[in-house]
Amino acid sequence: MKYIASCSFGKDSLAQVILAHEHNEPLDYVVYSEVMFDIKNNISGEVPEHRDFIYNVAIPKIEKEFGYKVIVVKSELDFISEFHRKIVNGKNKGLIRGFPIGWKCCINHDCKVPPMKKFLKTLADDYQQHIGIALDEPERLVRLHKDKRKISLLEKYGYTEAMAKDLCAKYGLLSPVYNYTNRNGCWFCPNQRWSELRWLYQHHRDLFDKLVELQKTPNKASKKWNRQFTITQIAKQLDLMNRQLSFDLGAL
Ligand code: SF4
C-alpha cells in the first residue's frame, strides 16, 4: 500500500502534509499536478509568486525537513492547446473552444486531472490518497467519503480552513497569494475574484495582456472570459479602479 497526498501547495493541501508530518502518518509521495499556460514557452498556469513559493520554498522544505518525496506531474496539453481546440460536434461545431468555462473547466478536466490519474495507475489501485478538504467543507467531504481510497487528514484531525491557514503560516509554508486572496488557482482562472484580477493586472501585466491578445482570436465558442465580461471589459474596469485609487491617494 502506498500513501500519497495530492498537493496544489494551497493552504489546505499543504496543511495535511504538515499534519502527516506532525502525527507520523504514513506518506510515500506528495504529488503535484502543475497546469501549464504555454508549454512551448515554459509559462506555467500558476501565479508567478505561487510558483516561486512551490519550487523554492515548499518543495525543498517538504523534501529536506519532512523527508517526503515530491513528484511533479504535467499534462502534454496546456491552456493554449485547449483554447484553440476545435469543437467537433454540437451547436458550436467548427468553432474553437476559446476561454475555459468556470463551472465546467476544461483545464481541470484535460490538463490537471489526467496526469494525476496516470500517476495513480502506476500504483495498481493499491494506495490511499490524502485530499485536503477541511472540516467546514461538508459537501466536499460527503463526496470524498464515496471513494474509500480517499481520506482527508484535515477532517481526521479536526481542522477548519482557517486552522489550516494558521498551521501553514506556523511552518513558514503559507503561499504569498494569501496576501491578496483566500483561494489558490490558475492566473487565467475565470472564477477569479476582483482582488486576484487586480493583482494580475498590476503585477503581471505581461500575463494579463496574453489574455487580452487571445480575446481577438476569431471563431471562439466562449466569447466572454467569464460569465459576465470579456477580458477587454475587465481590463477597462481594472484601469478605472487603478485611476480611482491613484486619485484617492493623491487627494490624501
Ligand atoms: S483554477 Fe480555475 S482555470 Fe485552473 S483548473 Fe481550476 S477552475 Fe480551471
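With n ≥ 4 as the cut-off for DSSP H runs, can you work out [θ] at 222 nm for the chain, using -39500 (n - 2.57) per run divided by the number of residues, rounded to the nearest 500? Value at 222 nm, helices only, nearest 500: -10500 deg cm²/dmol. The ranking of Tyr180, Tyr159 by Cβ neighbour count inside 10 Å, starting from the fewest, reads Tyr180, Tyr159. Temperature 10 °C, viscosity 1.306 mPa s: under these conditions the Stokes-Einstein estimate for the chain, based on its Kirkwood radius over C-alpha pairs, is 81 µm² per second.
Just to verify a number: FRET efficiency for Met1 and Asp206, C-beta to C-beta distance, R0 = 51 Å, to 0.05? For R0 = 51 Å, the calculated efficiency reads 0.65. Taking Lys and Arg as +1 and Asp and Glu as -1, the other residues whose beta-carbon sits under 11 Å from that of Gln215 total +3.
Just checking the listed ones, Val113, Val142, Val17: in the Gaussian network model of the chain with Cα springs under 10 Å, the one fluctuating most is Val142. Specify the angular offset, from 0 to 90 degrees and rounded to the nearest 10, of the alpha carbon long axis of helix 194-203 from the longest principal axis of the alpha carbons in the chain. So the inclination is approximately 80 degrees. If you run the Gaussian network model on the chain, springs between alpha carbon atoms under 10 Å, then out of Ser81, Ser175, Ser33 the most flexible one is Ser81. Viscosity 1.002 mPa s, temperature 20 °C: what is the translational diffusion coefficient of the range 27-86 from Stokes-Einstein with a Kirkwood Rh over Cα pairs, rounded to a whole number of µm²/s? Answer, rounded: 168 µm²/s.
In the chain, which longest range has no trypsin sites (Lys or Arg not before Pro) that are both DSSP loop (not H, G, I, E or B) and surrounded by at most 16 other Cβ atoms within 10 Å?
On the way: sites that count: Lys40, Arg85, Lys91, Lys93, Lys146, Lys148, Arg149, Arg183, Arg193, Lys216, Lys223, Arg227.
Result, exposed sites excluded: 94-145.
If you stretched the chain out fully between Arg143 and Lys156, how much longer would it get, using 0.36 nm times the residue separation minus the C-alpha to C-alpha distance? Numbers along the way, then the final one.
Working: separation 13, 0.36 × 13 = 4.68 nm, distance 1.56 nm.
Working it through step by step, the gained length comes to 3.1 nm.
Just rank Phe66, Phe188, fewest to most, by other beta-carbon atoms within 10 angstrom.
Ranked by crowding around the Cβ, least crowded first: Phe66, Phe188.
Using θ = phi - 60° in the Karplus curve 6.51 cos²θ - 1.76 cosθ + 1.60, the 3J(HN,Hα) couplings for the range 204-209 round to 9, 4, 4, 6, 4, 5 Hz; x is entered for Gly and Pro.
What does the net charge come to around Lys104 if you take all other residues with beta carbon closer than 15 Å to its beta carbon, with K and R at +1 and D and E at -1?
Details: positive: Arg85, Arg97, Lys112, Lys224, Arg227; negative: Glu82, Asp110.
Around Lys104, the charge tally is +3.
Taking R0 as 45 Å, what's the FRET efficiency between Lys121 and Asn242 from their Cβ-Cβ distance, rounded to 0.05? FRET efficiency, Lys121 to Asn242: 0.40.
Taking the beta-carbon count within 10 Å as an exposure proxy, list Glu82, Glu213, Glu49 from fewest neighbours to most.
Values: Glu82 20, Glu213 10, Glu49 17.
So the ranking, lowest neighbour count to highest, is Glu213, Glu49, Glu82.
Relative contact order for the range 2-182: what is it in percent, counting Cα pairs under 8 Å that are at least 6 residues apart? Relative contact order for the range 2-182 comes out at 30 percent. If you take all other residues with their beta carbon under 13 Å from the beta carbon of Lys170, and give Lys and Arg +1 and Asp and Glu -1, the sum is +1.
Taking the longest Cα principal axis of the chain as reference, the axis of helix 231-250 is set at about 90 degrees.
Any read-out appearing in this document is the output of simple, stated calculations on the displayed coordinates, not a laboratory observation. If you're wondering where the values come from, they're calculated on a predicted model, not measured in any experiment. Please note: Cβ atoms are built from the backbone with ideal geometry, for glycine as well, and neighbour counts cover all protein chains shown.
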